[in-house]
Amino acid sequence: LSQSLFALFASSLAISLVFAIIPLCHNVVILAVVMAVAGLAMGCIDTISNMQLVKIYQKDSAIFLQALHFFVGFGALLSPLIADPFLSDTNCILSNSTANASSNLPHIRKSLVPHHPGNLSHYDLPMKGMVVTRVSYAFWIMALINLPVPIAVFFLLYKERMVPCFNGSSHPLLSADELAMETRPVDKEELSTTGQRPHTAGGHNDLFSCCQSKNFRGASYTYFAVHITGALVLFMTDGIVGEYSGFVYSYAVEEPLSVVHKVAGYLPSLFWGFITLGRLISIPVSYRMKPATMVFINVVGVLITFLLLLIFSTSVVFLFVGTASLGLFLSSTFPSMLAYTEDILQYKGCATTVLVTGAGIGEMVLQLLVGSIIHDRGSYSFLVCGMIFGCLAFTFYALLVFFHRMYPKPCPDQDDASPDKAAVPDDTGQYQR
């Protein structure tokens, strides 16, 4: 826990620093390095937050994962709204030809589409002059908004007596968290035994224990199959989120739809808005419905939505309806898949790292793939790719269910003696394994 909290503190603080530095970068190489640091920090936060929720709350983790990912979608919806007032409709460099360049910008935007871009050589944009953009304020505001996060994590470290310089007498916060306790009663004899175990015992107590080869000895092939198929489902579904939000605008402004550019700009916001709404709805739903059922509904819903989008590909109204529907069905796939896979693997936390990594790779790779296909084959291939990815996601989910049925059930006696048991608090309120 201490390693995870320190990593969260460093990563969240790094994000604030990166957002403050970005407007000061006047070299593309420096900007690339700074953005790479931001990506590493966000990857750490994504993995650790999901992994710790799974390990602390175990069977109750589905609700907390849905809440976590609701705020992920809420942030993705809110941040463009914060940046929007600082974006300019005119050129950001002031010179004698600015007036002419400003009038050319709408024509340039119309010409800049992925498929067969027009000839832009006759447009004159000034490259030298006084910079008048205010977009720097958007980055600094985001840096300030994020700053309470590392402060809160540091406060949690202090309350848990994990900061070496500040070992005060404050009572730990987590001792009052009843959801982290085991639901079954614990014998005094067993409690005294667990109290004698050191914090750094073997097994999965270490942050990097999932990478140790000793944990894979004697594991059945279904153990690896569950990890791989779960990661492939998220590879496809998170890839769909990335490619749809990235290219739906480009698809809408081209023929046969030819949506007005300003109207087409609402499609990504609509998509993320319904992802956020779906995650909010999923918080109470996950309390009543099993994660496996939720993933099944999500994957089938994505498949049907893409099928209808292909059938009504000339309808602008259905494009908006389908975008909202796709956002709803994709919203809870990630947290539900985490909860389902960890439930199969007895909440050891290792699957979370594999699944988060698979989802991140999918979001990166499928955007590159779809972008190149749209450039070569036209805008209609955007929906065809989505349909193919949806079919693959359903196929991998069916394989996951198949391997789940073959996965050996844990013995109750072995489960009680396992070092991977849920944490129980000792008399001082500290968590022991």
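Within region 341-372, work out how many residues are of a type outside the set (Gly, Ala, Ser) and more than 21 Å from GLN58 (Cα to Cα).
Of the residues in region 341-372, 9 are of a type outside the set (Gly, Ala, Ser) and more than 21 Å from GLN58 (Cα to Cα).
Only residues in region 61-80 that are closer than 23 Å to ILE141 by Cα count as the first member; pair them with residues that are open to solvent by 30 Å² or more (accessible area, probe 1.4 Å), Cβ under 6 angstrom, at least 6 apart or cross-chain, and list the lot.
Listed pairs, sorted by first residue: PHE70/LEU280; ALA76/TRP272; LEU77/TRP272.
Within region 348-369, identify whether any single residue is at positive phi and buried (at least 17 other Cβ atoms within 10 Å of the Cβ), and answer yes or no.
The answer is yes, given that some residue of region 348-369 is at positive phi and buried (at least 17 other Cβ atoms within 10 Å of the Cβ).
State the number of residues belonging to region 350-375 that are farther than 28 Å from PHE247 by Cα and out of contact with any Ser or Thr (no Cβ under 9 Å at 6 or more places or on another chain).
0
How many of the residues in region 339-363 are part of a helix (DSSP H, G or I), at pLDDT below 90 and aliphatic (A, V, I, L, M)?
6
When the residues of region 399-422 are filtered to those that are surrounded by 13 or more Cβ atoms within 10 Å (Cβ to Cβ) and aliphatic (A, V, I, L, M), which remaining residue is modelled with the lowest pLDDT?
Restricting to residues being surrounded by 13 or more Cβ atoms within 10 Å (Cβ to Cβ) and aliphatic (A, V, I, L, M), the top hit is ALA422.
Give all pairs with beta carbons closer than 8 Å in which a residue from region 341-359 that is within 19 Å of VAL401 (Cβ to Cβ) meets a residue that is surrounded by fewer than 22 Cβ atoms within 10 Å (Cβ to Cβ) and of a type in the set (Phe, Trp, Tyr); count only pairs at least 6 apart in sequence or on separate chains.
From region 341-359, the pairs are ILE344/TYR407; LEU345/TYR223.
Only one residue in VAL28, VAL34 is open to solvent by 60 Å² or more (accessible area, probe 1.4 Å) and either over 28 Å from TYR347 (Cβ atoms) or among the small types (Gly, Ala, Ser) (or both), so which one is that?
Checking each option against the conditions leaves just VAL28.
Just give me the residues in region 226-268 being out of contact with any helix residue (DSSP H, G or I) (no Cβ under 7 Å at 6 or more places or on another chain) and either under 20 Å from LEU78 (Cα atoms) or assigned by the TED database to the domain that holds PHE71 (or both), in sequence order.
Answer for region 226-268, where residues must be out of contact with any helix residue (DSSP H, G or I) (no Cβ under 7 Å at 6 or more places or on another chain) and either under 20 Å from LEU78 (Cα atoms) or assigned by the TED database to the domain that holds PHE71 (or both): LYS262, VAL263, TYR266.
If the requirement is being at pLDDT below 90, open to solvent by less than 40 Å² (accessible area, probe 1.4 Å) and either among the hydroxyl-bearing types (Ser, Thr, Tyr) or in contact with a strand residue (DSSP E or B) (Cβ under 8 Å, 6 or more places away or on another chain) (or both), which of these qualifies: SER325, SER313, SER336? Spell out how you get there, then give the answer.
Values: SER325 fails: at pLDDT below 90; SER336 fails: at pLDDT below 90.
Result of the check over SER325, SER313, SER336: SER313.
Identify, from the list SER258, SER250, the residue that is surrounded by fewer than 21 Cβ atoms within 10 Å (Cβ to Cβ) and assigned to a loop (DSSP other than H, G, I, E, B).
Selected residue: SER258, the only one of SER258, SER250 that is surrounded by fewer than 21 Cβ atoms within 10 Å (Cβ to Cβ) and assigned to a loop (DSSP other than H, G, I, E, B).
To keep it simple, each residue is scored yes or no on (1) free of Cβ contacts under 8 Å to residues at least 40 places away in the same chain; (2) hydrophobic (A, V, I, L, M, F, W, C); (3) assigned by the TED database to the domain that holds GLY360.
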{"residue": "ILE22", "(1), (2), (3)": "no, yes, no"}
{"residue": "ILE30", "(1), (2), (3)": "yes, yes, no"}
{"residue": "LEU53", "(1), (2), (3)": "yes, yes, no"}
{"residue": "ASP84", "(1), (2), (3)": "yes, no, no"}
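The values are calculated or read from the model by the stated rules, or taken from the named source; none is laboratory data. These numbers were taken from a predicted model, which means no experiment stands behind them. Here Cβ is always computed from backbone atoms with ideal geometry, including for glycine, and neighbour counts include all displayed protein chains. Side chains included, ligands, DNA and RNA excluded: accessible areas come from the protein's heavy atoms. Shrake-Rupley method; radii C 1.70, N 1.55, O 1.52, S 1.80 Å.
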